[in-house]
Amino acid sequence: MTPEHPRGALASVLRQWHRPLVVAAGLLAVLLAVSVVGLVADRRTLLGEPIWLKPLKFTFAFALYTLTLAWLLTLLTRARRFGWWMGTVIAACALLDVGVITLAAARGTFSHFNIGGDPLSSFTAQVLVYGVPPILVSNLVIAVLVLVQRVGGRALTTALRYGLVLAVFGTSVPYWLAFVGGIRRRTVLDANGDEVTLGAGHGIGDPDGAGMPITNWSATGGDLRAPHFIGMHGIHVLLLLTVVLGFLAARHAWLRDEHVRSRLVAVGGLAYCGLSALTAWQAARGQSFMHPDGLTLAIFAAVVLAAAAAAGAVVTAARRTPVPLGR
């Protein structure tokens, strides 16, 4: 039998995944390529940031997340049809949200918080206001579906449960931070030199201060994008941890017990939840992610030490337990 070509094998696998989410990921990859070209060819900026950097970050993040969900939904053993519809809602809203962000970049204006008055900007603002809650609710529903059933081995199920809870947190935290941060309306200039009124902003304490390299998170105040990003991608960090532990199990007998790997993933999930909450609290206080104060560093150290102690306890117990033959 002739071996299947890798490209054909990949296509065969993708056809078994959630089709609308796979299609959304593909279209987002196209928009990602457009953003890369725009970043290189278009030198316009918004508040000191290249106008194509925002759509690039959004297309990459959503492409990665929709592809992860497309695979995850194939693992459901119950309520698969309901999960399918929730995934379809996320696919449609992700495409719509990222599409208007890309359109705003091409126009040289702001996508988020833009209440400047022209019809297209108003439409973009409405999409971003009403397009995120369906993603939040659908993520929450999928998280509940995963929480009440096994979707694979113990370690994988643990990673997905914590990861989806973190994704819900990451999606919802901007609403809370925008409320508690007291971000006010202001007038700024867009890339075309026109005045635009923004109803709110990402920065807390110094909404238009200098940005960090690459992420452009505020370097002079808090920024709701930091905990949003960290929460949304917790699922990928925990899946990577699961994969790494699986590879290490081939060399370390005590890791071949799936209960041990599941406990280690749970420790990682709890630690990541603690760090996500710390990042949100830091932003709410108007403190830059890159300039933590002594209290933030102390809590960070406490989370890391607690996680290290818990992981150490799991490893010590596992290494003392004889591994049954055949495991």
Next item on the list: Please name all residue pairs, on different chains or six or more residues apart, with Cβ atoms under 9 Å, provided the first residue is in the range 278-296 and is within 14 Å of residue 229 (Cβ to Cβ) and the second residue is surrounded by fewer than 23 Cβ atoms within 10 Å (Cβ to Cβ) and acidic (Asp, Glu).
Entry: 282/293
Checklist line | Selection from the range 221-273 of residues that are in a helix (DSSP H, G or I), over 15 Å from the mean Cα position of the chain (by Cα) and not aliphatic (A, V, I, L, M) | finding: 242, 246, 247, 254, 258, 259, 261, 262, 263, 268
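Quick one: is residue 43 more than 23 Å from the chain's Cα centre (by Cα), surrounded by fewer than 20 Cβ atoms within 10 Å (Cβ to Cβ) and not in a helix (DSSP H, G or I)?
Criteria met by residue 43.
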Item checked: Counted residues, the range 99-131 - those being under 21 Å from residue 24 (Cβ atoms) and either in a helix (DSSP H, G or I) or β-branched (Val, Ile, Thr) (or both) -> 15
Item checked: Hey, residue 276 more than 21 Å from the chain's Cα centre (by Cα), under 23 Å from residue 142 (Cβ atoms) and either hydrophobic (A, V, I, L, M, F, W, C) or assigned to a helix (DSSP H, G or I) (or both) or not -> no
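Coordinate-derived values only; no laboratory data. Computed from a predicted structure; not experimentally measured. Note: ideal-geometry Cβ built from the backbone for every residue, glycine included; neighbour counts use all protein chains shown.
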